[in-house]
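Undergrad: The structure under discussion is supplied below as structure tokens; questions concerning it will follow.
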Amino acid sequence: MATSAIRRQMKNIVHNYSDAEIKVREATSNDPWGPPSSLMSNIADLTFNVVAFSEIMGMIWKRLNDHGKNWRHVYKALTLLDYLIKTGSEKVSQQCKENIFTVQTLKDFQYIDRDGKDQGINVREKAKQLVALLKDEERLRQDRAHALKTKERMSQVATGMGSNQQTTFGRGSSHPNLSSYSYGEDFRKSRGGSPVSLNECEYSYWPRCCMIICCGF
């Protein structure tokens, strides 16, 4: 296990972070790769729970306030936020609109690494894209509808591939137990009444592309 992962787990224990907070911390870590779609999908599902929603958004705003060498925290938090706006509870976009100034300020994010490379440009561009999306209601509606269809389709494919597999999660692990949360009627409606599989194919978003890892498409 990488040193960064061990350090992150220690912080999770010391600060007694909830399952939802741990998932967000993992998705927005300083590791040099993007958050897998399966993890972001799980977090999106959790946004339909009132308690988890508050925990998720609180951790995301905390990550967005990071700076300097932790630019990946910020970039990946924006990436996660974009995913949640399109596939999570509609409360995500509502809260983002209410706090759009926080995202707008990131359009001026600056960080030059030790090799002289401008890493801040990744954050600036992502922030611009997100602000533009939040200000365009029609595009947001269309993007959300498309993303939800894609998510549901991938869930159905994964269900067929892993119907005989079992996955065990626990507190303090990188993939918490989703059964510890209950979901409302809006969650069931958004999924068309069908279940969401945990055995989803994984994509890596880094920084504007997705690479299919396990589907073989």
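Undergrad: Being more than 13 Å from the chain's Cα centre (by Cα) and of a type in the set (Val, Ile, Thr) is the filter; apply it to segment 82-103 and report the residue that is nearest to Ile121 (Cα to Cα). Let's see the steps before the verdict.
TA: Keep residues of segment 82-103 that are more than 13 Å from the chain's Cα centre (by Cα), which gives 90-91, 93-103.
Checking which are of a type in the set (Val, Ile, Thr) leaves us with 100, 102-103.
Values: Ile100: 19, Thr102: 17, Val103: 14 Å.
Ranking the candidates gives Val103 first.
Undergrad: Looking only at segment 121-136, filter to residues that are within 12 Å of Ile100 (Cβ to Cβ) and in contact with a Lys or Arg (Cβ under 6 Å, 6 or more places away or on another chain); which one of those is surrounded by the most Cβ atoms within 10 Å (Cβ to Cβ)?
TA: Quick first cut of segment 121-136, residues within 12 Å of Ile100 (Cβ to Cβ) only: 127, 130-135.
Subset that is in contact with a Lys or Arg (Cβ under 6 Å, 6 or more places away or on another chain): 127, 134.
On the way: Ala127: 23, Leu134: 19.
That would be Ala127.
A quick yes/no check of all residues on (1) surrounded by fewer than 23 Cβ atoms within 10 Å (Cβ to Cβ); (2) at negative phi; (3) in a helix (DSSP H, G or I); (4) within 9 Å of the chain's Cα centre (by Cα):
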| position | (1), (2), (3), (4) |
| --- | --- |
| Val51 | yes, yes, yes, no |
| Glu55 | yes, yes, yes, no |
| Trp71 | yes, yes, yes, no |
| Tyr75 | no, yes, yes, no |
| Leu80 | no, yes, yes, yes |
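Undergrad: Mind listing whichever residues of segment 26-46 are surrounded by fewer than 24 Cβ atoms within 10 Å (Cβ to Cβ) and assigned to a loop (DSSP other than H, G, I, E, B)?
TA: Ser29, Asn30, Asp31, Pro32, Trp33, Gly34
Undergrad: Which of the residues that make up segment 97-120 are surrounded by fewer than 16 Cβ atoms within 10 Å (Cβ to Cβ) and either in contact (Cβ under 8 Å) with a residue 24 or more places away in the chain or part of a helix (DSSP H, G or I) (or both)? Walk me through it before giving the result.
TA: Taking segment 97-120 first, the residues surrounded by fewer than 16 Cβ atoms within 10 Å (Cβ to Cβ) are 97-102, 104-105, 107-108, 110, 112-118.
Selection gives Lys97, Glu98, Asn99, Ile100, Phe101, Thr102, Gln104, Thr105, Lys107, Asp108, Asp113.
Just so you know, all these numbers are worked out from the coordinates, no wet-lab data involved. Values in this document were obtained by computation on a predicted structure and should not be read as measured data. Ideal geometry is used to build each Cβ from the backbone, glycine not excepted, and the neighbour counts take in all protein chains shown.
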